[in-house]
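Below: the structure, in structure tokens.
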Amino acid sequence: MTIPRRSWRAAGTLVAAAVVGLTGGVIAAGPAAAHTPTWAVTCAEVSVDLTNYTSDVPNTVTVSVDGKDLFPTGTFGREFHKKLTLPEHDKEVTVRLVVKDAEEGGKHSIDQTRTAPVCEGETPPPTPTPTESTPSEPPATETPAPSETPSEKPSESAPAVPAPSPSAPDLAETGSSSATPVIGGAAVAVLLAGGGILWAVRKRRTAQG
């Protein structure tokens, strides 16, 4: 039994069409799969791997944690590979990845978020319990030490002798007085003066007689 040539030609055409269709499908699916970013989040780090982007345009990537930049906006070309260490945290944090495809249409841009858990072995710090405040004792005041030097010098003047009371009776003088020589001298002077006068009187009478 012989197969007509037309049947062989028809079969070959169908096989060629099937091969072309499969090849086209693989080629069409290739770029879409290539632009799917690979990134992972653990309790301690974030890893980002971007491949097969257009190299002659300024693509950008940004990574943030709870609204704060972990990797500020940076540009990349065909590929981007980065591992970022997360800050220490005692509760779950939200990690956000933003990739902007600068190619016309930006169909491969993404904006995704993931949660970073708390690493095992890290326990949150205990919440301080309020303590009752006890009234503080007033500070003891020190009494000033007495000064070694007196503030005022004692008066050097001798104490005043109290005057004798006028009503007290006169006491009899005993012993010699300091006025005795004066009185004696006056008596001598009176005697001398009297003797001189008598002598002058007698001389005058003698001259007259």
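FYI, it's all coordinate maths here, none of it is from the lab. No experiment lies behind these values; they were computed from the predicted model shown. Note: ideal-geometry Cβ built from the backbone for every residue, glycine included; neighbour counts use all protein chains shown.
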Given R₀ = 25 Å, FRET efficiency for Glu88-Thr62 by Cβ-Cβ distance, to 0.05? 0.70
Quick one: Karplus J couplings for the stretch 88-94, per residue in order, coefficients 6.51, -1.76, 1.60, θ = phi - 60°, nearest Hz, x for Gly and Pro? 4, 8, 9, 8, 4, 10, 9
Can you give the FRET efficiency for Glu120 and Val98, using 1/(1 + (r/R0)^6), R0 = 35 Å, r = Cβ-Cβ distance, to the nearest 0.05? 0.75
Ordered by packing density, taken as the mean number of other Cβ atoms within 10 Å over each peptide's residues, highest first, how do 103-109, 60-66 rank? 60-66, 103-109
Residues whose placed amide H lies under 5 Å from that of Asn59, excluding near-sequence neighbours: Phe76, Ala102
Given the Cα-Cα distance of Asp49 and Lys107 and 0.36 nm per residue of separation, how much length would full extension add, in nm? 19.1 nm
